[in-house]
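Since the structure comes first, as structure tokens, the remarks are kept for the end.
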Amino acid sequence: MSISIIGAGNVGMALGKAFTQRGETVVYGVPEPAKYQAAVAALGDKARVTTTEQAIAASDTVILAVPYAALPAIAQSVPDWQGKVLIDATNPLAPGLSGLSVGTTTSGAEELAKLARGARVVKAFNTTGAENMADSRYPQGAPMMPVCGDDAEARQRAMALATLIGFDAVDMGPLMAARFLEPFAMTWIHLAIKQGYGRNFAFGVLRRS
């Protein structure tokens, strides 16, 4: 399966590293591919970089790993996403990590779904730091990765990707649950950064029968 990642910042590169190490092919989409050629080449022959438009066209699964403000333009750049799974790994962060710019009665993911015509939007890979995405191994067990989306098959695809790179994927149900997952990301930011637990801090799931 080919996976396209839009954005080659910390989160995008961490996810690409994790996927390619497990044999998946990753296509990066960025506005200026030449700027990222060396960084993507370092991931090996399973990764390549091209334009955003070409990367979107290359795969049925597209992960958005860009600043939240970039989402509307990307979503509306495609007249019809034709059923592609669009995984939103972003958070609508307010300046200075002071909170969220969207919330309570909607979410960044739901707003994205309104704009990305024909896409099956899933929220995932937004509740922890890039360091955990690059290497999710912990002696205490797998860290949690909650996933939500209105399309069950798309949600399962995102969960399979999370499981592939070592997370304990948790099915959160419909996309409106992103209203909880985006604030949950702020919980991670508060503990990992503001409270000093460190960027490799992660949440786990205690499963009881």
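The values are calculated or read from the model by the stated rules, or taken from the named source; none is laboratory data. This one's a predicted model, so the numbers in the text were calculated from it and none came from an experiment. Positions of Cβ are generated from backbone atoms using ideal geometry, with glycine treated the same way; all protein chains shown enter the neighbour counts. Quick note on the areas: whole protein, heavy atoms, side chains included, nothing else; ligands and nucleic acids left out. Shrake-Rupley method; radii C 1.70, N 1.55, O 1.52, S 1.80 Å.
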* For the chain, with only Lys/Arg (+1) and Asp/Glu (-1) charged at the beta-carbon, what is the dipole magnitude about the Cα centre, in debye rounded to 20? -> 380
* Structure fact -> Bridge orientation stat for the chain from DSSP, antiparallel percent rounded to 5, came to 15
* With the dipole of the chain worked out from charges on the C-beta (+1 for Lys and Arg, -1 for Asp and Glu) around the Cα centre, which of Gln195, Asn10, Pro174 lies farthest toward the positive end? -> Gln195
* **Ellipsoid semi-axes in whole angstrom, largest first, where each is sqrt(5λ) of the Cα gyration tensor of the range 1-95** => 20, 15, 13
* Scan the range 131-209 for chymotrypsin sites (Phe, Trp or Tyr not before Pro) in coil per DSSP, keeping those whose Cβ has at most 10 other Cβ atoms within 10 Å, and list them by number. => none
* Asked: Where only protein heavy atoms count, and the probe is 1.4 Å, what is the accessible area per residue for the chain in Å²?
  -> 47
* **Computed helical MRE - 222 nm, the chain, DSSP H runs ≥ 4 contributing -39500 (n - 2.57), nearest 500** => -9000 deg cm²/dmol
* To do: Using a Gaussian network model of the chain whose springs link C-alpha atoms within less than 10 Å, name the residue from Ala116, Ala69, Ala162 with the highest mean-square fluctuation.
  => Ala69
* Percent of alpha carbon pairs in the range 46-182 separated by more than 20 Å? -> 45
* To do: Rounded to the nearest Å, what's the spacing between the alpha carbon centres of the range 129-160 and the range 7-80? Just the number, please.
  => 18
* Asked: Ignoring ligands, DNA and RNA, what percent of the 1.4 Å accessible area of the chain is carbon and sulfur?
  -> 54
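For the range 100-200, which trypsin sites (Lys or Arg not before Pro) are in a loop by DSSP, counting at most 16 other Cβ atoms within 10 Å?
Details: sites: Lys114, Arg117, Arg120, Lys123, Arg137, Arg155, Arg157, Arg179, Lys194, Arg199; in loops: Arg117, Arg137, Arg199.
Those that pass, being in a loop and sparsely packed, are Arg117, Arg137, Arg199.
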* GNM flexibility winner over the chain from Ala39, Ala178, Ala169 (Cα, springs under 10 Å) -> Ala39
* Over 29 Å between alpha carbons, listed pairs Lys17/Lys194; Lys35/Lys194; Lys17/Lys84; Lys46/Lys114; Lys46/Lys123 -> Lys35/Lys194; Lys46/Lys114
* Once the Cα gyration tensor of the range 128-209 is diagonalised, what are the square roots of 5 times its eigenvalues, in whole Å and ordered largest first, as equivalent ellipsoid semi-axes? -> 21, 16, 11
* To do: Report the charge-dipole magnitude of the range 165-209 in Debye, nearest 20, computed about the Cα centre from +1 at each Lys and Arg Cβ and -1 at each Asp and Glu Cβ.
  => 140
* To do: Could you point to the residue in Thr106, Ala94, Val121 farthest towards the positive end of the chain's charge dipole, with +1 and -1 charges on the Cβ of Lys/Arg and Asp/Glu respectively?
  => Ala94
